[in-house]
Structures are given as structure tokens and as C-alpha cells.
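*Asks:* Quick one: the structure is below, questions incoming.
The values are calculated or read from the model by the stated rules, or taken from the named source; none is laboratory data. Not measured: the values here are computed from a predicted model. Here the Cβ positions follow ideal geometry from the backbone for every residue, glycine too, while neighbour counts run over all protein chains shown. With ligands, DNA and RNA removed, areas are computed over all heavy atoms of the protein, side chains included. Shrake-Rupley method; radii C 1.70, N 1.55, O 1.52, S 1.80 Å.
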Amino acid sequence: MRKIWERLDFNSLRVRLTIGIATVSAIGLGSVTIWTTLKMQRILVATHKEDIKHIAERLPQDIEIYNQMMSSTAAMQKAIDYRTNSNTLLWIQRPDKSIIIQSNIFKNPENHAFFQSLSSVPPQPQVLELDGRYWVICRTNLQLDGETLGKIYVAKDVTRDFKMFLEMIPSLSIVSLLALTIITILIALHVQRSLQPLQKMSQLTAKIDAESLGEATIHFDNAPSEVRQLAQTFEEMLLRLHESWEQQQQFVSNVSHELRTPLTIVSGYLQSTLRRENNLTELQKEALEIASAETSRTISLLQDLLDLARADSGHLQLNLEIFFLNSLVKEIVEMAKKYSNRIINFETNQKNLVVKADASRLKQILLNLIDNAVKYSDANEPITINLYSQNHQAVIQVCDCGNGIPLQHQTRIFERFYRIDEARSRATGGTGLGLSIVKTLVEEMGGQVSVRSQLNKGSTFTVIFPIKTENKQK
């Protein structure tokens, strides 16, 4: 029960509607139950009041009839005995509260105190509780031959009916609670079923990404009109987003393509000028080297943007071929050692791991990861490249002993232009696209990439490709 309570989301529309409707139902059902109970009690009391009121009104007439045939005392006793039964008692009381006549079945001196206690009742029928018993009592004046002899009291024992009524109240309450429980369950099921289109819509939209914006469709034939209207509006919004996304991709692709050629020409002129360093002053040489480096960096950024734009539009060209992974990784390690002047260890316990990928793009991926390890680790710390097979997959790991990546950033470092430390990235020449390019290229070739890192202990980037069963190199 505690787990169910903890799982309840009181901010959800389903819970709010269920609680709201169930509360209204409880108030309505409770009101009906209380009204029914009071009405039944009123009907029960009213019936008995009418009975004793009728007896009180008829008794003087009966006494007058019997008085024509016998003495007044005998007439009163005869009339009272005629109207008396096991539940109804009658007696006549003088103004001094002494008993003149009473029902024979209740003649007992000990009952005089009982009669005395009831002598103060009003003329209208009332319900009284005495010694755990319920009585409906009324009184009227007795006049005989124009003379007031006293007062007639009529008392009816309704204890049995009242107890049955009181015993019925818990049963009625239990039935009401059971009905409320059933109603609440039915309400919850109805609300859940009514909100299924919204839940389905949430599930469908959760699967939509940038690549499927133009193909996303949300149709609900049997859903309420409000949900259908919401789905239609959402589809129109997705279409506008798709158009904006395509325009952005086209813009990035066009800008990258148009700027890359002139910048390449500028870079060529700068390199040509730097080769004639004998005619340059130190200040000129330094300025040209800075300009050349920034130009190369901008060209690399534009190339990355162009690759990402092509991948987003599905036009990224890959030359997939089957080759031995060991020799390629070893070649890349040797290449990285030369340009980085760092200790890079290559460890493997497998030979002739065959994969199907684009060799040039795989070189780009590993060089990006190695360059990332070089930038963000101390110069005297070695970098390790591991190559092994696991579960019919080729696993490449690039491990460094740098500062590591905080946990909250590890899920976002593959996003475009995302940088953990903006100032440090600027200092190292990072653009925030390297890891995004790595993820895009790996996934385009059917692989996976992930990172595992600990602060002050370093990071491990893992690239996985399926192993091919072919044993020959293409």
C-alpha cells in the first residue's frame, strides 16, 4: 500500500480527475444516504405518531358510547382496554396527577412512577427515550358530559422498530462505502481510458527526433474532438519545425561549402608566404603563423559542420569495406605518436579482427578521440589504446589519466557545440564538434560510442563495431 501511495503522482491529470470526481460522488452519495436515513426515521416516527394521535382522538368518543351502557369508570376502563395492545398503553390522569384508569396489562403500582415521568409531555406526539426504550407519547383532554375529568395519555412502545432502524444504519453505511469504492474504481478506469489518447500521444512524441520530424504522424480516429484537435495542431507544429530544421541544415551546408573554398585559398597563400620566412620579420612571421592556424581551425570547423549537415540530410557518403581492424588501429597509434609527442600505448589480445566500416572515417574518429585525450591530460601521462573482442563485437578504448568528466556532463558531451569548460576549450582550440562528429560517424557505420569517466582519474571512450565473419581483406 505504501509503494502504491508513493507511486501516485498527485500532479497528474488522471489522479486529479479521479480524486475530484470521486470526491463529488462521495459527497453526493453521502448526502443521499443521510437524506434517506433521516427520511426513513421521519416516516417511521410519523406513522406511529399518527396511530397514537388517532387513538387519542377516538378514545373520548368510545368512552361516551360505553358511558350510555355502564358507569363512567367502567366505560373508561372498557374503552382503554379496547384500544390497548402489547405495544400501546393508555391511562387517564386527574389534574392532581393521580391515575384514574390505566391499561389492565400494565396495572402495577411500580409503574406509577413511570406514568408520572411521562405526565409532562406536550399535546403533540413526541418521541422519548426512557430506560433504554423508545416511546411515542401524546395527550389530550378528557371531557365527559361537559365536565373535564382529566387527561388521556397514549404511549406506544417503538423500541423494536427503532432498534431495527439503528441496526440498519451501519449496514446502509457499509453499502454506501462499498458503492463508493466501486464507483471510484469505475471512475478511475474511465478516466484512464479517456486519457489513453493523451498517453499514446506522449509516447509517440517521445520517439520523434530531428530526423523523423517530417514523417511524424499522430492520428486518433476514436479520440475525443479536443484530443484530435490537439493532435492536429501538434502535427502542424512538427511540420513547421521540420521545415525550419531543413532550412537550418541547408543554410549550414551552403555556408560551410561556400566559405571552405576561399578559406582554403587563403590558407594556401599564408603557407606560401610563410615558406619565404627569410624575407619576413619576426613580428610578421608570428602574425602569419597565427592567421594560418586560425584559418586551418576555421576550415576544420567548416568541414565538421558540412559533415554534420550531410549526415542530417542523409547525404553523408561512406565507403564501407571489410578490413582487418588491428593493422588500422596500429597505424593510427603510430601516426598519433608522431604529431603529439606523447606516450601512446597500444594493447590488444586479439588478431585479425574483421569489421565493415569506412577506413578513412574510422581514422578520423580515432584521431579525434586521441586528440581529445592529448588535450585534456597531462603531458607526462601515457594514453592507452585497447583493442579486444567481446560478444562478437570489436571494442576500441581510448583511455587517458586526465582530470575526468563530471557526471552531469557525461550524457551531454556528444551534443553539438557542448563544452564542459568554455575557457579551457578556447585555449585548447576545441570547437565543441569533435565528439559530436565521432558519435555521428560511428552510428552511421552501425557502431556505438560511449564514455566512462571519474574525476581526477581519467576518461575512457569506447567505440564498438560488429565483427564480420569474413576472413579476407578487401
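*Asks:* Just the residues that are among the aliphatic types (A, V, I, L, M), in contact with a helix residue (DSSP H, G or I) (Cβ under 9 Å, 6 or more places away or on another chain) and open to solvent by 50 Å² or more (accessible area, probe 1.4 Å), please, taken from the range 321-380.
*Replies:* Those that are among the aliphatic types (A, V, I, L, M), in contact with a helix residue (DSSP H, G or I) (Cβ under 9 Å, 6 or more places away or on another chain) and open to solvent by 50 Å² or more (accessible area, probe 1.4 Å): 335, 343.
Let's see how each residue does on (1) surrounded by 12 or more Cβ atoms within 10 Å (Cβ to Cβ); (2) part of a loop (DSSP other than H, G, I, E, B); (3) modelled with pLDDT of 80 or more; (4) not charged (D, E, K, R):
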position: 116; (1), (2), (3), (4): yes, no, no, yes
position: 128; (1), (2), (3), (4): yes, no, no, yes
position: 143; (1), (2), (3), (4): yes, no, no, yes
position: 152; (1), (2), (3), (4): yes, no, yes, yes
position: 166; (1), (2), (3), (4): no, no, no, yes
position: 171; (1), (2), (3), (4): no, no, yes, yes
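*Asks:* Restricting to the range 412-433, name every residue that is modelled with pLDDT of 80 or more and open to solvent by less than 40 Å² (accessible area, probe 1.4 Å). Walk me through it before giving the result.
*Replies:* Step one: filter the range 412-433 for residues modelled with pLDDT of 80 or more, giving 412-415.
Residues satisfying the conditions are 413, 414.
*Asks:* Just to verify a result, which residue in the range 301-314, among those that are open to solvent by 40 Å² or more (accessible area, probe 1.4 Å) and in a helix (DSSP H, G or I), is modelled with the lowest pLDDT? Working first, answer last.
*Replies:* Of all residues in the range 301-314, those open to solvent by 40 Å² or more (accessible area, probe 1.4 Å) come to 301, 303, 310, 313-314.
Among the residues that remain, those that are also in a helix (DSSP H, G or I) are: 301, 303, 310, 313.
Details: 301: 74, 303: 74, 310: 70, 313: 67.
My answer is 313.
*Asks:* Here is a follow-up. Run residue 106 past the list (1) of a type in the set (Phe, Trp, Tyr); (2) open to solvent by less than 60 Å² (accessible area, probe 1.4 Å); (3) at pLDDT 80 or above and report the number of the one that doesn't hold.
*Replies:* Going through the list (1) of a type in the set (Phe, Trp, Tyr); (2) open to solvent by less than 60 Å² (accessible area, probe 1.4 Å); (3) at pLDDT 80 or above, residue 106 breaks only (3).
*Asks:* Moving to a separate point now. Considering each residue of the range 51-63, count those that are touching a residue at least 40 places away in the same chain (Cβ under 8 Å) and either within 60 Å of the chain's Cα centre (by Cα) or surrounded by 15 or more Cβ atoms within 10 Å (Cβ to Cβ) (or both), and give that number.
*Replies:* Start the filter on the range 51-63 by keeping residues that are touching a residue at least 40 places away in the same chain (Cβ under 8 Å), which leaves 51-53, 55-57, 59-60, 63.
So of that shortlist, the ones also either within 60 Å of the chain's Cα centre (by Cα) or surrounded by 15 or more Cβ atoms within 10 Å (Cβ to Cβ) (or both) come out as 51-53, 55-56, 59-60, 63.
Residues that pass the stated criteria total 8.
*Asks:* Determine, yes or no, whether residue 137 is in contact (Cβ under 8 Å) with a residue 60 or more places away in the chain, outside any helix (DSSP H, G or I) and of a type outside the set (Lys, Arg). Don't jump to the end; show me each part of the working.
*Replies:* Values: in contact (Cβ under 8 Å) with a residue 60 or more places away in the chain: yes; outside any helix (DSSP H, G or I): yes; of a type outside the set (Lys, Arg): yes.
So residue 137 passes the test.
*Asks:* List every residue pair whose Cβ atoms sit under 8 Å apart, with the two residues 6 or more apart in sequence or on different chains, where the first one lies in the range 231-255 and is at pLDDT 75 or above and the second, anywhere, is open to solvent by 50 Å² or more (accessible area, probe 1.4 Å).
*Replies:* Close Cβ pairs (under 8 Å, with a partner that is open to solvent by 50 Å² or more (accessible area, probe 1.4 Å)) amount to 231/219; 235/217.
*Asks:* I've got another one for you. Pick out the one residue from 94, 42, 83 that is without any contact (Cβ under 8 Å) to a residue 24 or more places away in the chain, among the basic types (Lys, Arg) and open to solvent by 30 Å² or more (accessible area, probe 1.4 Å). Write out each step before concluding.
*Replies:* On the way: 94 fails: without any contact (Cβ under 8 Å) to a residue 24 or more places away in the chain; 83 fails: without any contact (Cβ under 8 Å) to a residue 24 or more places away in the chain.
None of the other options fit; the residue is 42.
*Asks:* May I pose another question? Please go through the range 311-364 and pick out each residue that is under 17 Å from residue 463 (Cβ atoms), of a type in the set (Val, Ile, Thr) and free of Cβ contacts under 8 Å to residues at least 60 places away in the same chain.
*Replies:* The answer is 332, 333, 344, 348.
*Asks:* Hey, another quick one. Looking only at the range 461-473, count how many residues are in contact with a Lys or Arg (Cβ under 9 Å, 6 or more places away or on another chain) and either at pLDDT below 90 or surrounded by fewer than 19 Cβ atoms within 10 Å (Cβ to Cβ) (or both). First the steps, then the outcome.
*Replies:* Quick first cut of the range 461-473, residues in contact with a Lys or Arg (Cβ under 9 Å, 6 or more places away or on another chain) only: 461-462, 465-466, 468, 470.
Restricting the remaining residues to those that are either at pLDDT below 90 or surrounded by fewer than 19 Cβ atoms within 10 Å (Cβ to Cβ) (or both) gives 462, 466, 468, 470.
Selection size over the range 461-473: 4.
*Asks:* Any residue in the range 155-179 that is in contact (Cβ under 8 Å) with a residue 12 or more places away in the chain sitting within a Cβ distance under 7 Å of a residue that is surrounded by 14 or more Cβ atoms within 10 Å (Cβ to Cβ) and of a type in the set (D, E, K, R)? List the pairs, counting only those 6 or more apart or interchain.
*Replies:* Correct list of pairs: 156/51.
*Asks:* With respect to residue 276, is the statement that it is more than 48 Å from the chain's Cα centre (by Cα), charged (D, E, K, R) and surrounded by fewer than 18 Cβ atoms within 10 Å (Cβ to Cβ) true? Spell out how you get there, then give the answer.
*Replies:* On the way: more than 48 Å from the chain's Cα centre (by Cα): yes; charged (D, E, K, R): yes; surrounded by fewer than 18 Cβ atoms within 10 Å (Cβ to Cβ): yes.
Here the answer is yes, as residue 276 does meet what is asked.
*Asks:* Related question: Which one of the conditions (1) open to solvent by 30 Å² or more (accessible area, probe 1.4 Å); (2) touching a helix residue (DSSP H, G or I) at 6+ places or on another chain (Cβ under 9 Å); (3) over 30 Å from residue 146 (Cα atoms); (4) of a type in the set (Val, Ile, Thr) does residue 100 fail to meet, given that it meets all the rest?
*Replies:* (3) is the only condition that residue 100 fails.
*Asks:* Would you call residue 317 in a helix (DSSP H, G or I) and open to solvent by 50 Å² or more (accessible area, probe 1.4 Å)?
*Replies:* Details: in a helix (DSSP H, G or I): no; open to solvent by 50 Å² or more (accessible area, probe 1.4 Å): yes.
For residue 317, the condition - in a helix (DSSP H, G or I) and open to solvent by 50 Å² or more (accessible area, probe 1.4 Å) - is not met.
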